[in-house]
Amino acid sequence: MKNFIFDFGMVLVNFDAEYMTKAYIKNEADVNLAKGVIFDRLYWDRLDEGTITDDEVKNAIKSRLPERLWDDACRVYDNWYYNLPEIEKMADLVKEIKV
């Protein structure tokens, strides 16, 4: 049996901060502001390391955004994984090599 390891973002799915943010925030200026904060490597690297919790990330996001964006920004963060378009044909490849 062979094992295959894939990176997730930009290999299996498009990890597109703007696309994920626009799912919940419609104002272009707010999208630009929020995406830079929500998807800051400062948080995502620590999440990958397991050194920060989701609640800590959301509190940090809120501290950097205007209050009017808090709820939407938290919705983006809580639901980003539902808004990842697949990279064409990658799902087929995974199914093919799974056999």
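Close amide H contacts of VAL13 (hydrogens built in the peptide plane, cut-off under 5 Å, sequence separation of 5 or more or a different chain): ILE87.
Which three numbers, in whole Å and largest first, are the semi-axes of the equivalent ellipsoid of segment 44-99 derived from its Cα gyration tensor as √(5λ)? All intermediate terms of the calculation are to be shown ahead of the outcome.
Working: eigenvalues 204, 47, 10 Å².
After scaling each eigenvalue by five and taking roots: 32, 15, 7 Å.
Just the number, please: Stokes-Einstein D of segment 12-54 in µm²/s, Kirkwood Rh from C-alpha pairs, 25 °C, 0.890 mPa s.
On the way: Rh = 11.3 Å.
My calculation gives 218 µm²/s for D.
When the solvent-accessible area of the chain is split by element, carbon and sulfur atoms take up 51 percent of it, the probe being 1.4 Å. If the cut-off is 28 Å between C-alpha atoms, which lysines fall inside it for LYS89, apart from same-chain ones fewer than 8 positions away? Reachable lysines: LYS2, LYS22, LYS35, LYS98. With all protein chains kept in place, the per residue accessible area of the chain amounts to 70 square angstrom at a probe of 1.4 angstrom.
Its residues counted as N, the chain yields a C-alpha radius of gyration over 2.2 N^0.38 Å of 1.25.
The values are calculated or read from the model by the stated rules, or taken from the named source; none is laboratory data. On a predicted model such as this, the values are computed, not experimentally measured, just so you know. Ligands, DNA and RNA are stripped out before the accessible areas are found, and what is left, the full protein with its side chains, is counted by its heavy atoms. Shrake-Rupley method; radii C 1.70, N 1.55, O 1.52, S 1.80 Å.
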